[in-house]
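Everything on this sheet refers to the single structure shown next.
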């Protein structure tokens, strides 16, 4: 009888652990060493919602970081410092920022990165954040 109860507890614990692990939101930031006198070229990603770039521009302006939005070819020939970004939204009762990856390069080498990943947060209500606030937080930690 006790062995059966123990087995049932073990069988119930495994799905509970899987559910908890499946609700994880991950955020990692490796700050960049962008020099204050440098100009940053943001390589525009037209597949990302327009508001993402607008918020990044607002934050960079507030931080007094000189930047210009450009395409890949122009950035590679004119800028020592470049920034790329990717962002995806998902739907789960509401639209939410599921993934963001912002990378800063110096002379083509990765110098800093900010990643927010809520794609594994299916049961986590913390994924329903304000995207502008998250972009601001990521950039403040990155620079």
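The values are calculated or read from the model by the stated rules, or taken from the named source; none is laboratory data. Everything numeric here is computed off the predicted structure, so don't read it as measured data. For neighbour counting, all protein chains shown are included, and Cβ atoms are generated from backbone atoms with ideal geometry for every residue, glycine included.
Pick from 49, 66, 78: which is at pLDDT below 95, touching a helix residue (DSSP H, G or I) at 6+ places or on another chain (Cβ under 9 Å) and more than 19 Å from residue 29 (Cβ to Cβ)? On inspection, the qualifying residue turns out to be 49. Quick one: count up the residues across segment 70-96 that are closer than 12 Å to residue 40 by Cα, within 21 Å of the chain's Cα centre (by Cα) and loosely packed, with under 14 Cβ neighbours inside 10 Å. Total meeting the criteria: 0. Can you pull out every residue in segment 42-57 that is without any contact (Cβ under 8 Å) to a residue 60 or more places away in the chain and either surrounded by 12 or more Cβ atoms within 10 Å (Cβ to Cβ) or in a helix (DSSP H, G or I) (or both)? 42, 43, 44, 45, 48, 49, 50, 53, 54, 57 - these are the residues of segment 42-57 that are without any contact (Cβ under 8 Å) to a residue 60 or more places away in the chain and either surrounded by 12 or more Cβ atoms within 10 Å (Cβ to Cβ) or in a helix (DSSP H, G or I) (or both). The set of residues from segment 58-91 being in a loop (DSSP other than H, G, I, E, B) and farther than 19 Å from residue 113 by Cβ comprises 64, 71. If only residues of segment 99-126 that are touching a helix residue (DSSP H, G or I) at 6+ places or on another chain (Cβ under 7 Å) and at pLDDT below 85 are counted, the one that is surrounded by the most Cβ atoms within 10 Å (Cβ to Cβ) is 121. The residue of segment 29-40 that is nearest to the chain's Cα centre (by Cα), among those that are assigned to a strand (DSSP E or B) and over 24 Å from residue 97 (Cα atoms), is 40.
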